[in-house]
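Worksheet: the structure to be examined is printed underneath.
The values are calculated or read from the model by the stated rules, or taken from the named source; none is laboratory data. Treat the numbers as computed from the prediction; the structure is a model and nothing was measured. Methodologically, a virtual Cβ is constructed for each residue, glycine included, from the backbone with ideal geometry; neighbour enumeration extends over all protein chains shown. For the accessible areas, the whole protein counts, side chains as well, though only heavy atoms, and no ligand, DNA or RNA atoms are used. Shrake-Rupley method; radii C 1.70, N 1.55, O 1.52, S 1.80 Å.
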Amino acid sequence: MENQEDNLFKNVISHAKEYGFIFPSSEIYDGLSAVYDYGQNGSELKNNIKEYWWKFMTLLHDNIVGIDAAIFMHPTTWKASGHVDAFNDPMIDNKDSKKRYRADQLIEGVIEKLEEKIEKEIEKASKRFENFDRAMFLSTNARVVEYQKKIDDINARMKDALGRGDMADLKQLIIDLEIADPISGTKNWTEVRQFNLMFSTEMGSVADDANKIYLRPETAQGIFVNFLNVQKTGRMKIPFGIAQIGKAFRNEIVARQFIFRMREFEQMEMQFFVKPGEEMKWYEYWKEKRLQWHQALGLGSENYRYHDHLNLAHYANAACDIQFNFPMGFRELEGIHSRTDFDLKSHEKYSGKKLQYFDSEDNQNYIPYVVETSVGLDRMFLSVLATSYKEEKLEDGSERVVLKIPAALAPNKVAILPLMKKDGLPEKAHEIMDLLKFDFRCFYEEKDAIGKRYRRQDAIGTPYCITIDHQTLTDNTVTIRDRDTMKQERVSIPSVKSIIQDSVSMAGLLKKI
Ligand code: ATP
């Protein structure tokens, strides 16, 4: 099963390259590790995902506005946010395979295995007992209790070691758990070292430490430092949100899963400013809203789940992930965090500027609390691409690869295909294209047999193909072919627009939320 999934993932990656979605960065120089470029179809899909997010935030919520802050920020920003001191991952190398790992992820791997064992016991028992009571089983079955205790002990030791920054203790935990390198199979580990994930560079011509600046590791801080600018100029009343889409950079220790973990990536973040004490209400609200946004895409509700954080970051009083069932299993797609007043308070302290809100209803000043929703654009892209990718066997014995991308996100909405390159068919096809191109991204193609052209459109996820034949010239009708059902229908040219409008428009998708 695992191999099948691995193969599928490999096929998705090579399909993404072959059809102009994603290329390795600077490939002619053999690429750059964990950096990718989006091709002609990839950038359209990516733009459509951005539009879906941006419109959801700023059109469907009249109290959310968007900004576009610079990537470079004053270096003190990152002192205040805690990134200079605490944005570290513990890394460890295996001396035999020379491979590098995140120490915490090696330990989490052991926890995951124990959790799988518990799930297996539950599955077995639920088949055996008619009135199976999960909670009762978890607390009484000796094997399960033992596994759970192990998980709790490991978690507690890891949290303690990380909390104290005690890397020797973290290494000891790896030794005690007898973790072996999956590649060399040995336990020949180096010491654990802390590694700061921020990229730095120098600004200006004098390369001394005073000029050191960072590439932002998250977009959120650009919102916090602009909190008052936006609140005052937009006359925003609490609760309100500021949304932003932009690049972030992290020097990830382990970045091996295609665009899932990159060193340069994009985030779509929204910080929602609320009255202190009301943050849990809004945290629950955004948890639900964000899941609805994901589910409206139709990739299957069973592919999403919440994962509550037990080990909270220093700034949070509640946090959870929306995980997605990626080709390599359930992993974080989006984070929802109740960040308290940590960021604004800290920027007040470091900048010496007041970052408070005057609440005219209560007649008081306060630093708002913040609920953040943060989703990786590239991870969204991977979730859409990998789930849409289907290898299908057709009734006539042939095969096709089709990307069943949600129609509103597809790079092209319509392909315009004259059956032949003569008899005035291309001219008629261009006339139809001129009718549609202001509303939909159209793709024109007249080369090769029509069957081949359909397959190429399937492979890039075009929801509709319109074929212009000799009959078109006499009765003003075309055939319209549906990507998913492959059904073809004869329709009049003036009706084409209204037939496809609803299923491919962003408004249609947003209405499903
Ligand atoms: P992870 O635990 O997977 O490293 P994180 O908890 O560090 O992620 P956040 O800091 O909460 O991630 O960032 C918010 C979102 O940004 C994540 O949910 C993810 O979708 C995206 N993201 C974070 N790091 C990367 C990366 N290296 N490459 C691509 N997307 C990323």
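Within the range 474-500, being out of contact with any strand residue (DSSP E or B) (no Cβ under 9 Å at 6 or more places or on another chain) and β-branched (Val, Ile, Thr) holds for Thr474, Thr485. As a summary of the residue check, Thr140 satisfies the conditions (1) open to solvent by 70 Å² or more (accessible area, probe 1.4 Å); (2) among the polar types (S, T, N, Q); (3) at pLDDT 95 or above except for the one numbered (3). Filtering the range 362-376 down to residues that are crowded, with 22+ Cβ neighbours inside 10 Å and in contact with a helix residue (DSSP H, G or I) (Cβ under 6 Å, 6 or more places away or on another chain), which residue is nearest to Trp282 (Cα to Cα)? Restricting to residues being crowded, with 22+ Cβ neighbours inside 10 Å and in contact with a helix residue (DSSP H, G or I) (Cβ under 6 Å, 6 or more places away or on another chain), the top hit is Val371.
On the stretch given as the range 153-185, residues that are in a loop (DSSP other than H, G, I, E, B) and more than 18 Å from Met91 (Cβ to Cβ) total 2.
When you scan the range 500-509, do you find a residue that is open to solvent by less than 70 Å² (accessible area, probe 1.4 Å) and of a type in the set (Ser, Thr, Tyr), even just one? Yes, some residue in the range 500-509 is open to solvent by less than 70 Å² (accessible area, probe 1.4 Å) and of a type in the set (Ser, Thr, Tyr).
Close Cβ contacts (under 6 Å, 6 or more residues apart or on different chains) running from residues in the range 61-74 that are in contact (Cβ under 8 Å) with a residue 60 or more places away in the chain to residues that are hydroxyl-bearing (Ser, Thr, Tyr) comprise Ile64/Thr58; Gly66/Thr58.
Elements of the type strands (runs of 3 or more DSSP E) sitting completely within the range 61-103 and holding at least 1 residues that are modelled with pLDDT of 95 or more: these cover 64-67, 88-93.
What number of residues in the range 421-457 are under 34 Å from the mean Cα position of the chain (by Cα) and outside any strand (DSSP E or B)? Adding up the residues that qualify gives 14. Residue selection: Ser346 satisfies the criterion of being farther than 14 Å from Val371 by Cβ, among the small types (Gly, Ala, Ser) and away from the ligand (no atom under 12 Å from the Cβ).
Within this structure, Gln292 fails the test of being out of contact with any helix residue (DSSP H, G or I) (no Cβ under 7 Å at 6 or more places or on another chain), within 30 Å of Ile460 (Cα to Cα), open to solvent by 10 Å² or more (accessible area, probe 1.4 Å) and within 11 Å of the ligand (Cβ to nearest atom). Total residues in the range 324-343 satisfying the condition of being open to solvent by less than 30 Å² (accessible area, probe 1.4 Å) and either within 12 Å of the ligand (Cβ to nearest atom) or outside the structural domain of Tyr283 (by TED's automatic domain parsing) (or both): the figure is 8.
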